[in-house]
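Accompanying notes for the structure given below.
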Amino acid sequence: MARYSATPANESKSAKCRGSYLRVHFKNTVEAAAAIKGRKLLDAVTYLKDVQEQKQCVPFRRFNRGTGRTAQAKAFKTSLGRWPVKSAKFLLDLLKNVQANAESKGLTTEELVIKHIVVNAAPKQRRRTYRAHGRINPYMSNPCHIEVIVSEEDKNVEKAKDERETVVFQNRKQLAAKRIRASRQ
């Protein structure tokens, strides 16, 4: 079994999956993964499908040199965005896999939240391109490793109303001042 970079807080209420040496651009995948982190699983799936159809963009925050502007990025309070279709496809495949893993564990799909998603650079793959005057330059690809952990969101329970009167803690000086005031009256 592979080692993950994070462990879920509650192993029984979470599911995980990973993809290694995936031939998809590392930088684009980092940005797409950052866009879906913290979302509900089904919401992330619809978002990535919208990215593939260019209905919503992925905001580019870190690897954004030379990235063009788009009005769709206003939803993320930025102006730079793209539609990395191949990264979205690979992430959708992983989300489908983690959803199946969660269902086999007996978790409810509607309450799953992407708690952890990380993209690491894999070793570059080498090819070569031929240049003028008989020279050769490298023509590298930048694959990546992706791991996803989803967990069922804990239900918030309201704190019970305490019918006792609230106790105010006071230090010695405050208690002495209170006694002095009470003796003067």
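In Å², what does the accessible area per residue of the chain work out to with a 1.4 Å probe? List each step's numbers first, then the result.
Values: 13310 Å² over 185 residues.
Per-residue accessible area for the chain comes out at 72 Å².
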Requested in this report: Would you mind listing how long the chain runs along its three principal axes, going by Cα atoms, in whole Å with the largest first?
Outcome: 103, 42, 34
**Report entry** the stretch 1-41 versus the stretch 79-106: alpha-carbon centroid distance in Å
**Finding:** 9
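Assign one of three labels to the stretch 105-185, namely rounded, prolate or oblate, based on the Cα gyration tensor with a ≥ b ≥ c the square roots of its eigenvalues; rounded applies when a/c is under 1.5, prolate when it is not and a/b is larger than b/c, and oblate otherwise. Please list the in-between numbers first.
Numbers: a/c = 9.21, a/b = 2.72, b/c = 3.38.
Here the stretch 105-185 falls in the oblate category.
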Requested in this report: Rounded to the nearest 10 degrees, what's the angle between the helix 26-36 long axis and the longest principal axis of the chain, both from Cα atoms, 0 to 90?
Outcome: 40
**Report entry** Spin-label zone in the stretch 85-106 - amide nitrogen under 15 Å from a point set 7 Å from the Cα of S141 along the C-beta vector
**Finding:** 86-87, 90
Query raised in the report: Taking the chain as a Gaussian network, where each spring joins two C-alpha atoms under 10 Å apart, which residue of L92, L175, L107 fluctuates the most?
Result: L175
Report summary line: Here FRET efficiency (C-beta to C-beta, A75 to F169, R₀ 45 Å, nearest 0.05) is 0.45
Requested in this report: Among the trypsin sites (Lys or Arg not before Pro) in the stretch 23-59, which ones are in a DSSP loop with at most 13 other Cβ atoms within 10 Å of the Cβ? Mind listing them?
Outcome: R23, K55
Query raised in the report: For the pair K55 and Y21, what calculated FRET efficiency results from E = 1/(1 + (r/R0)^6), where r is the Cβ-Cβ distance and R0 = 22 Å, to the nearest 0.05?
Result: 0.10
Query raised in the report: Counting only protein heavy atoms, what percent of the accessible surface of the stretch 1-147 is carbon or sulfur at a 1.4 Å probe?
Result: 49
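The values are calculated or read from the model by the stated rules, or taken from the named source; none is laboratory data. A quick note: this is a predicted structure, and the numbers were derived from the prediction, not measured. Here the Cβ is made from the backbone with ideal geometry for all residues, glycine too, and neighbour counts use every protein chain on show. Surface accessibility is based on the protein's heavy atoms, side chains included, excluding ligands, DNA and RNA. Shrake-Rupley method; radii C 1.70, N 1.55, O 1.52, S 1.80 Å.
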